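Notes to accompany the following structure.
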Amino acid sequence: MIETEKGRAEVTRFTIDLAIRLGLIATIVYVSLLLLRPIAALMMWAVILSVAVYPLFNLVRRRLHVRDGIAAALLSLLLLVLLLAPVVILAASAIESLDDYARLLLRGGHVVPPPPESVKSWPMVGARVYDFWLNASNDLRTMLGAHMEQLTSAGRWIGRIAAGVFLEVLQFAGAIIVAGALLAYSDELAGTLRDLAARAAATRGRHFIEIAGSTIRNVSQGVIGIALLQSALLGIGMLVADVPFAGAITFVCLVLAIVQVGPNIVMIPVVIWTWMYLPALHAGLFTVYTAPLLLLDNVLRPILMARGLPTPMAVILAGVICGTLAGGLIGLFVGPVVLSVFYDLLAAWIAAGRKVEADDVPAPAS
């Protein structure tokens, strides 16, 4: 057919038309992604939040018998309060603590308590730590003046971290507002997304969407939910025990729990501090209260993260850890979703291969 001049011309024209169409589509996609790049992180957080809280949104609109827009607005307002209230309380607590220590320092009081004699018995570094601690306790102003350059560098570093945290909080607040808008049109958007997935991957497309949604909800409950519960309970215990900078330590515990490091590296020194400066009874009660909480995530997280999913727990946990290392907090959710879909594709491919092999086996002769 194509050996004739007319056939070759038709093939050439079809090839040129296809190349032009593909080029135009690629250009439109590239420009669209380029325009969306500044708000890509915010939009990803909005999608993750809307998927994670959709069961709660569904419960609110059913129980209160309100329209989708009102239910989404109420839920967004609740999430904003839950986000901003701890930040405001933490900031106020930090400012108040720093102000108290500054006033105490100006009066010449002991900002740093004297070291216990047991510090001297620490192997290798005990004597140096004891001398440094004792100098800081006796004359902190002189010690700060001698290390002003290092303190200035540390102050700049802390300032950059504080600015980054402030911008992240603002971005998260914006993502909550956008998530509210997505929830208000959740039924229409979910239908469009399912149709798009079915168009891209036929019958398995809708299955992949269900896996992605279930994985996001399970990870949010198993990681974020457990981290919030664990850090809140630890913070209550530190407030009752009157641990200095309890708010800041609680925030650090929350961050460490979310990134899968765990609050143990912060709370173990706090427990040691209570035994050094609190009465034995109070320190014992604090230790008994804190020890089970440090193991709380190891017990509840596997139960929540693997609940109702066909994906093994090891795959989800690998996605959480690898995603966090590769993409930060967003990767915490993207990683499990990608690995869950990959695992499902791999399992389907292996099952299809076994089915083909079974069909190729000749039936035994009768």
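The values are calculated or read from the model by the stated rules, or taken from the named source; none is laboratory data. Since the structure is predicted, the reported quantities are computational estimates derived from the model, not experimental observations. Neighbour counts are summed over all protein chains in view; Cβ atoms, including those assigned to glycine, are modelled from backbone coordinates with ideal geometry. Heavy atoms of the whole protein, side chains included, go into the accessibility calculation; ligands, DNA and RNA do not. Shrake-Rupley method; radii C 1.70, N 1.55, O 1.52, S 1.80 Å.
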Carbon and sulfur %, accessible surface of the stretch 187-281 computed with the full protein complex present, 1.4 Å: 71
Can you work out the accessible area per residue across the stretch 157-282, with the rest of the protein chains kept in place, probe 1.4 Å, in square angstrom? 54
How high is the relative contact order of the stretch 200-297, in percent, counting Cα pairs under 8 Å that sit 6 or more residues apart? 29
Between the alpha carbon centres of the stretch 221-288 and the stretch 26-101 the gap in Å comes to 26
Just to be sure I understand the model, the point goes 7 Å from the Cα along the line to the Cβ. What's the resulting W157 to S121 distance in nm? 3.3
Counting only the backbone N, which residues of the stretch 235-276 are under 11 Å from the spot 7 Å out from the Cα of V129 toward its beta-carbon? 269, 273
So R199 and R307, fully extended at 0.36 nm per residue minus their Cα-Cα distance, gain in nm 36.0 nm
Which residues qualify? For G262, with a placed amide H closer than 5 Å and at least 5 residues away or on another chain, they are A257
With a point put 7 Å past each Cα toward its Cβ, work out how far I25 is from A291 in nm, to one decimal. 6.3
Kindly state, to the nearest 0.05, the FRET efficiency for L34 paired with A314, given R0 = 45 Å and r defined as their beta-carbon distance. 0.75
Backbone HN-Hα couplings from phi across the stretch 171-180 [Karplus 6.51/-1.76/1.60, Hz, Gly and Pro as x]: 5, 5, 5, x, 5, 5, 5, 5, 4, x
L84-V261 FRET efficiency (beta carbon distance; Förster radius 30 Å; 0.05 resolution): 0.75
Using a simple spin-label model with points 7 Å from Cα along the Cα→Cβ vector, what separation in nm is obtained for L64 and V11? 6.5
